[in-house]
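These notes concern the structure reproduced below.
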Amino acid sequence: MITSVQTQTDRSHLRKLYNKSKVKAVAQQTSVIKNPKDVLKLIIQGCEFEIFGIVQDVSFRHYTLRRAQKLGVRGWCMYTDRNTVIGLIQGYQKSFEAMRIWLKYTGSPTSRIDKCVFGPIEELQNFTYADFTIYKKKP
């Protein structure tokens, strides 16, 4: 008895796969947020910060800029006369928290963070800044 073996080049098999992927794509585009945790991803949070320790002349601001760009966080940072770095960060919840942890515990490779003070966390309707910036004077 001879049986036909279905291969990837079988047209009917390829047509079925194409139709299945098309249905999945349409379902993904029209899906409604069902998981409440997905809504939290859309909340924009913001706060001010000040970093104490050896944070000037160790490229702290530039590493902060790079990290913020990598995480999609917006805001600004600058040096102060008190040998600290101050700034403001805004971002979606996960990125915002990741940036806070980076500021508090990591910083630039040659920096030493003695203390990190964050202001109150605010929930925002929209971003105030288009990207992350290094300022020479407070905005």
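Annotations
- Theoretical gain in end-to-end length, Phe118 to Gln69 [0.36 nm per residue, Cα-Cα removed]: 15.7 nm
- Look at the dipole of segment 49-121 built from charges on Cβ: of Ile54, Val117, Phe96, the Cα furthest out on the positive end belongs to Phe96.
- Inter-label distance, nm, simple model (7 Å from Cα along the C-beta direction), Thr128/Gln56: 2.4
- Beyond 18 Å, the tail of the calculated P(r) for segment 62-139 holds 37 percent of the Cα pairs.
Just so you know, all these numbers are worked out from the coordinates, no wet-lab data involved. Since this is a predicted model, take the numbers as computed values, not measurements. Every residue, glycine among them, receives a Cβ derived from its backbone with ideal geometry; neighbour counts consider all protein chains shown.
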